[in-house]
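Beneath this line is the structure, given in structure tokens, with notes to follow.
Throughout, read-outs are computed from the coordinates displayed, never taken from laboratory work. On a predicted model such as this, the values are computed, not experimentally measured, just so you know. Cβ placement follows ideal geometry from the backbone for every residue including glycine, while neighbour counts extend to all protein chains displayed.
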Number of protein chains: 2
Amino acid sequence: MCKRLHNRERSIAVTTRDIARLAGVSVSTVSRSLNDNPRISVETRERIKRLASELDFEFDASARSLSTRRSGTVALVCPDFLDRFANTLYLNLLIYDIRENLAALGLDCIVIEAAAPNGQSNVRRLVLQRKVDGIILLLASTLAEDWDIIKKHGIPVIQVHYMPTYFDAERLDYYFTDNIQGGFMATEALLDAGGERIACVTLAHANPEMKDRERGYREAHKARGLHPDERLVFAVSNSFDEAYECVTRNATLLRTAGGLFAFTDIMALGAMRALADAGIRVPEECKVVGYDDIEIGTYVKPTLTSVHQPREEVARLACERLAALLSGKGGGGVEQRLIPPVLVRRESC
Amino acid sequence: MCKRLHNRERSIAVTTRDIARLAGVSVSTVSRSLNDNPRISVETRERIKRLASELDFEFDASARSLSTRRSGTVALVCPDFLDRFANTLYLNLLIYDIRENLAALGLDCIVIEAAAPNGQSNVRRLVLQRKVDGIILLLASTLAEDWDIIKKHGIPVIQVHYMPTYFDAERLDYYFTDNIQGGFMATEALLDAGGERIACVTLAHANPEMKDRERGYREAHKARGLHPDERLVFAVSNSFDEAYECVTRNATLLRTAGGLFAFTDIMALGAMRALADAGIRVPEECKVVGYDDIEIGTYVKPTLTSVHQPREEVARLACERLAALLSGKGGGGVEQRLIPPVLVRRESC
DNA sequence: CTTGATTGTGCAAGCGATTGCACAACCGGG
DNA sequence: CCCGGTTGTGCAATCGCTTGCACAATCAAG
């Protein structure tokens, strides 16, 4: 070993070699001890472990990953428009829950958007460069070329929201909340309390989740032998202001409706404000139900009735499943679950 | 090279060796070419680069990091109670901004809390194991032992919010918004519009930032030769409900006040609701100003006047500075900047 | 008291990159 | 035509860890 060749300053970090030298054993023994390899005698193992902890030893993740081809890292792929969605709080809280679950499993998580600022695919980069062990897709429509890479490298993928594309094409594990049922429950509550004329506000560029909410809306009508008045079905972008404007513009028509179902809380809040400004009292003259159950809904007056998505459960299931797949306990099958949402009743309905 | 020794299945990934073989050069030449080392001739370099991109080559981050001792990764240390703070939205958006800036700089970012679920320090783990290149502290009171590790390893640290402890002890780079000035501006606006009796709602367990807001509140009074009525200074936890209860309980007293300054928007919303419920009209009888300028403030009625913290700017400055330190362009000095906040006037004041 | 199985450790190659130094090829000036 | 000075590449060591295989020591059985 020619020391002179390597004049980068020596790291301060303690290595397995240091431990080996001090313990009078080889690095293999140190490695095996710290990894609880049963071939090492109990005494040796304990001695090494004690020494390691005295020396404040921590494995070098890079070296280990280079050797084992596992990085202990998971990519959390978010929509490119998370900033806009951030406003809804819902996704941020879901991310928080997922991070927490992964941390408990000893996995670090790198949150990315599907595409990097330079146009390159972030998924590609994280898979090829960082060698992430798994991927959790959060409402992301990942690119076709990404799928090739993911499949080629055999990386486990879990979805926690529908995706606009590639969904049926791939048999992937998922944990979704049931948006049809959510839409159904919300509409039922409105039909119960507000009569037969129930408006709804959906998204202009509806993704599958929104389409399912609408389907629930229609099925709730059908279940009672009714159909929605199509003039009461509105589509706007997901923002307070657009919902506000839409409701204001159609105030006359909405005066004939006994209830309104907005497919996101943000839109519900905008709608509710517009109703108030138009002199339509909520809930007396028109009930309102939103979707997502964000905390803001409890800060307005009247407080907002909303469909709650059990994100803690979704996060937990997704992370547990991912952990199982990572340790080879996948069972070969595909796990796909629909989690039922919960209607949280407050003053607006 | 004894191939038989290594029977883990060969990775699908393209390596520098593959490129070298195909190009008929050595791995060193490949490495130098792809890293734009000037000692390689332009023709060779271009040829290698073309080949690499044809082969969909990406560097292996672990191998590179093992060699260079740089991981291209930054730790973003959050308060342990981010979930509670998440409700305020402000920190989530700040995290989003920071991630975006780091991404533009080619850095991945791992969001952690100071302490892991198992009680171990996450900072320690990320520094020792993952070899993060830098750390951004987000309102985190990092443990004393963490500081030892950080200093020992010479890792650049940037703070983007005050910390309760270790603050003066360390000469660290920071970008803070000026909470004294923020408190001053808010109070001034209230004194202008609501007369001499201005209440304030601070935090029960105030951190330095909250203390500064209170200082601004007092200095604004002093600047006009006034002092606040101490009976109008309340302290509650940072929640809608606590602020609501506090204001409700003290409604009689508050009837004599012309304005109220809540140190967070969440509290401001709770207070505003309580005032309304107590029959005190906002803003006619009592003006209200909050702090943080979260979007929810524009969804309530009246819309909330609030102190805006320029988080985009803070995020940008912090990340640029970190990048400079990482590339050794720190200049040896310490950069500490106070960014002025902005009062956003809406209906409540 | 041999012999074959069992245990516990060590050796050394390998993971995929970086990089100090050696060295061959080519250059122009004396 | 010889020589010191660029230029461009290659060699091989190194980063810190894992792991297949070899091998010494111990043990139970014949």
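For the reader, a short list of remarks on this structure follows.
- Degrees separating the helix A:42-54 axis from the principal Cα axis of chain A, which is the longest one: 70
- Table column - 3J(HN,Hα) (Hz), the range B:152-159, Karplus curve with 6.51, -1.76, 1.60, x for Gly and Pro: 4, 8, x, 8, x, 10, 10, 9
- Couplings 3J(HN,Hα) for the range B:257-268, derived from phi with the Karplus relation 6.51 cos²θ - 1.76 cosθ + 1.60 (θ = phi - 60°), are 9, x, x, 9, 10, 9, 7, 9, 5, 4, 5, 4 Hz, where x marks Gly and Pro.
- Helix content alone sets the calculated 222 nm mean residue ellipticity of chain B: runs of n ≥ 4 DSSP H residues at -39500 (n - 2.57) each, divided across all residues, give -12500 deg cm²/dmol.
- Proximity of backbone amide H atoms, modeled 1.01 Å from N, is registered between residue A:129 and no other residue at under 5 Å, excluding neighbours fewer than 5 places apart on the same chain.
- For the pair residue B:207 and residue A:226, a Förster radius of 45 Å applied to the C-beta separation gives a FRET efficiency near 0.25, rounded to the nearest 0.05.
- Note on residue A:18 and residue B:196: their simple-model spin labels are 6.7 nm apart, each label 7 Å out from Cα toward Cβ.
- Residues whose amide H falls under 5 Å from that of residue B:235, counting only those 5 or more places apart or on a different chain, are B:202, with hydrogens built in the peptide plane.
- Distance cut-off 24 Å, percentage of C-alpha pairs in the range B:179-308 lying past it: 14
- Taking amide H atoms as placed 1.01 Å from N in the peptide plane, the amide H of residue B:174 lies under 5 Å from those of B:159, B:335, B:336, B:337, each 5 or more residues away in sequence or on another chain.
- Of all DSSP bridge pairs formed entirely within the protein assembly as shown, close to 10 percent run antiparallel.
- Only the Cβ atoms of Lys and Arg (+1) and of Asp and Glu (-1) were treated as charged; on that basis the dipole of chain B about its Cα centre amounts to roughly 1600 debye.
- Scaled against 2.2 N^0.38 Å for its residue count N, the alpha carbon radius of gyration of the protein assembly as shown is 1.08.
- Distance (nanometres) between label positions extended 7 Å along Cα→Cβ at residue B:245 and residue A:120: 5.3
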